[in-house]
1. May I ask you to say which residue of SER190, SER172 is hydroxyl-bearing (Ser, Thr, Tyr) and open to solvent by 60 Å² or more (accessible area, probe 1.4 Å)?
2. Residue by residue through the stretch 1-57, note down the ones that are among the acidic types (Asp, Glu), over 23 Å from PHE95 (Cβ atoms) and either at pLDDT 95 or above or touching a strand residue (DSSP E or B) at 6+ places or on another chain (Cβ under 9 Å) (or both).
3. Spot the failing condition for THR56; the list is (1) among the polar types (S, T, N, Q); (2) assigned to a helix (DSSP H, G or I); (3) out of contact with any helix residue (DSSP H, G or I) (no Cβ under 7 Å at 6 or more places or on another chain), and only one is missed.
4. Answer yes if at least one residue in the stretch 17-36 is open to solvent by less than 20 Å² (accessible area, probe 1.4 Å), at positive phi, touching a residue at least 24 places away in the same chain (Cβ under 8 Å) and under 17 Å from the mean Cα position of the chain (by Cα), and no otherwise.
5. Among GLU114, GLU158, GLU86, which is open to solvent by 50 Å² or more (accessible area, probe 1.4 Å), farther than 22 Å from ILE14 by Cα and modelled with pLDDT under 90?
6. For ALA39, all conditions in the list (1) open to solvent by less than 30 Å² (accessible area, probe 1.4 Å); (2) without any contact (Cβ under 8 Å) to a residue 40 or more places away in the chain; (3) not in a strand (DSSP E or B) hold save one; what is the number of the exception?
7. If you scan the stretch 118-137, which residues turn out to be at pLDDT 95 or above, open to solvent by 50 Å² or more (accessible area, probe 1.4 Å) and of a type outside the set (Val, Ile, Thr)?
8. Could you figure out which of (1) under 17 Å from LEU217 (Cβ atoms); (2) without any contact (Cβ under 8 Å) to a residue 60 or more places away in the chain; (3) part of a helix (DSSP H, G or I) isn't true of ASN91?
Amino acid sequence: MIDMQRIPRHIAIIMDGNGRWAAERGKERSYGHQAGVEAVRRITSECTRLGVEYLTLYTFSTENWNRPDDEVAALMGLVLSSLEDEIFMKNNVRFRVIGDVKRLPQVVQQKLRETEEHTASNTAMTMVVALSYSAKWELTEATRQIAAKVSTGALSIEEIGEDTIAQHLSTSFMPDPELLIRTGGELRISNYMLWQIAYSELYFCNTYWPDFSEEELHKAIVSYQKRQRRFGKTEAQVENEEQNR
């Protein structure tokens, strides 16, 4: 049973398994990606209902540019078709995108901007799509921005701290994820939000993303709620703090 008082503010998801889901059905990989869009709609709606404030979806990594051209083209087309007003306006969801957007086709960039602008006033939840994104790219960009400020004298080396780095990441507008979910059975992070998930609770499941249901989401949240988040402290310290609240 989900404790509605302990819903994670921010859930990040690595949506894995679309291609394998399609292959097991004798279909092209694009068929799995299309089915994955339906899972996005389901999970977005359920996260909104549960009161999740931020949902970040790893949609297309910088490494994915190395995939076959026809699959990349199909994925870009799918991004365009999936940015429908219904999923955002029906659920009062704001849309944001993070990643190396300038690498995307111009028509995709334009649609992303339009969707961000059109949903800017929505307040129930923010859905963040990581598109042409990788943590190494993000940290490299943050380092360049900080170095540029140091070179102009706007920032001193002594002023650089963890907060400085966090403020220069593409995710600076939202809290770090409390829960990271990866579907599809793989047990790795795949270059996703490496700085932000330093203390996130990790949940891996074998379910392919197209089959990831509201029930599967509930299982992940219940697993998260059963854990004690210590942030380097001892179990006794955490329990004492909870008793004194």
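1. Just a single option satisfies the conditions, and that option is SER172.
2. Within the stretch 1-57, ASP3, GLU24 meet the criteria.
3. (2)
4. Yes, the stretch 17-36 has at least one match.
5. Going through GLU114, GLU158, GLU86 in turn, the sole match is GLU86.
6. Here ALA39 clears every test but (2).
7. Within the stretch 118-137, SER121, LYS136, TRP137 qualify.
8. ASN91 satisfies every listed condition except (3).
The values are calculated or read from the model by the stated rules, or taken from the named source; none is laboratory data. From a predicted model like this one, the values you see are computed outputs, not experimental measurements. Please note: Cβ atoms are built from the backbone with ideal geometry, for glycine as well, and neighbour counts cover all protein chains shown. Just the protein is used for accessible areas: all its heavy atoms, side chains included, with ligands, DNA and RNA removed. Shrake-Rupley method; radii C 1.70, N 1.55, O 1.52, S 1.80 Å.
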